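Below is one structure, written out as structure tokens; comments come after it.
The values are calculated or read from the model by the stated rules, or taken from the named source; none is laboratory data. On a predicted model such as this, the values are computed, not experimentally measured, just so you know. Positions of Cβ are backbone-derived with ideal geometry, glycine not excepted, and every protein chain shown enters the neighbour counts. In case anyone asks, the SASA skips ligands and DNA or RNA and just uses the protein heavy atoms, side chains included. Shrake-Rupley method; radii C 1.70, N 1.55, O 1.52, S 1.80 Å.
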Amino acid sequence: MKILGIPRFSVLGWSAGGSASLVLAAKYPDAVRKLVVWGANAYILPSEIAGFRSIKDVSTWAKRLGDPMMEVYGKERFAQYWARWVDGMTQALEENSMDICREWLQYIKCPTLVLHGGKDPVVYPIHASYLIENIK
């Protein structure tokens, strides 16, 4: 945004992008005007790690979920990328006490809208409540 000459801007973030947006808003409070996150979390529960592991094998996914990804990346490449992502997230989160960005929430100053889908199969609803309670 600095290169584009835009000193203040709003940010939208979904899933891991939502978590990254939370950190961005915390690190650059004078730059982020407003923030919207959905399906984001500041930490991971042990049961969510188990959930990641349960969806590691993309051949078990519903066709409507897997086909679009396989179309973009190719069947074998997507399966490899996804398995590496699950392994990497599992290892990183277990080594870091399942924390993503809890310590950053206190520094967010901008108006923030937290959304969560009631049928989100990956991120539990408790995360939306946690974000709402811990962002000023």
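So here's what we get for this one:
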{"quantity": "One residue from Lys109, Lys119 being open to solvent by 70 Å² or more (accessible area, probe 1.4 Å), assigned to a loop (DSSP other than H, G, I, E, B) and modelled with pLDDT of 85 or more", "calculated": "Lys109"}
{"quantity": "Residue match in region 72-80 (condition: of a type outside the set (A, V, I, L, M), open to solvent by less than 60 Å² (accessible area, probe 1.4 Å), farther than 25 Å from Pro7 by Cα and free of Cβ contacts under 8 Å to residues at least 40 places away in the same chain)", "calculated": "yes"}
{"quantity": "Per-region count, region 90-104, residues surrounded by 13 or more Cβ atoms within 10 Å (Cβ to Cβ), free of Cβ contacts under 8 Å to residues at least 60 places away in the same chain and part of a loop (DSSP other than H, G, I, E, B)", "calculated": "1"}
{"quantity": "Counted residues, region 1-49 - those being at pLDDT 95 or above, under 27 Å from Leu93 (Cα atoms), among the hydrophobic types (A, V, I, L, M, F, W, C) and open to solvent by 50 Å² or more (accessible area, probe 1.4 Å)", "calculated": "4"}
{"quantity": "Residues being touching a strand residue (DSSP E or B) at 6+ places or on another chain (Cβ under 7 Å), outside any loop (DSSP other than H, G, I, E, B) and of a type in the set (A, V, I, L, M) - total across region 24-49", "calculated": "6"}
{"quantity": "Condition met for Trp85 (modelled with pLDDT under 90, among the aromatic types (Phe, Trp, Tyr) and open to solvent by 90 Å² or more (accessible area, probe 1.4 Å))", "calculated": "yes"}
{"quantity": "Residue match in region 124-131 (condition: in a helix (DSSP H, G or I) and either of a type in the set (Val, Ile, Thr) or open to solvent by 70 Å² or more (accessible area, probe 1.4 Å) (or both))", "calculated": "yes"}
{"quantity": "Residue in region 112-124 that is out of contact with any strand residue (DSSP E or B) (no Cβ under 9 Å at 6 or more places or on another chain) and among the polar types (S, T, N, Q) present", "calculated": "no"}
{"quantity": "Output for region 1-20, where each listed residue is polar (S, T, N, Q) and in a loop (DSSP other than H, G, I, E, B)", "calculated": "Ser15"}
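Conditions tested, residue by residue: (1) assigned to a helix (DSSP H, G or I); (2) touching a residue at least 12 places away in the same chain (Cβ under 8 Å); (3) touching a helix residue (DSSP H, G or I) at 6+ places or on another chain (Cβ under 9 Å).
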{"residue": "Leu22", "(1), (2), (3)": "yes, yes, yes"}
{"residue": "Gly51", "(1), (2), (3)": "yes, yes, no"}
{"residue": "Lys56", "(1), (2), (3)": "no, yes, yes"}
{"residue": "Trp82", "(1), (2), (3)": "yes, yes, yes"}
{"residue": "Gly88", "(1), (2), (3)": "yes, no, no"}
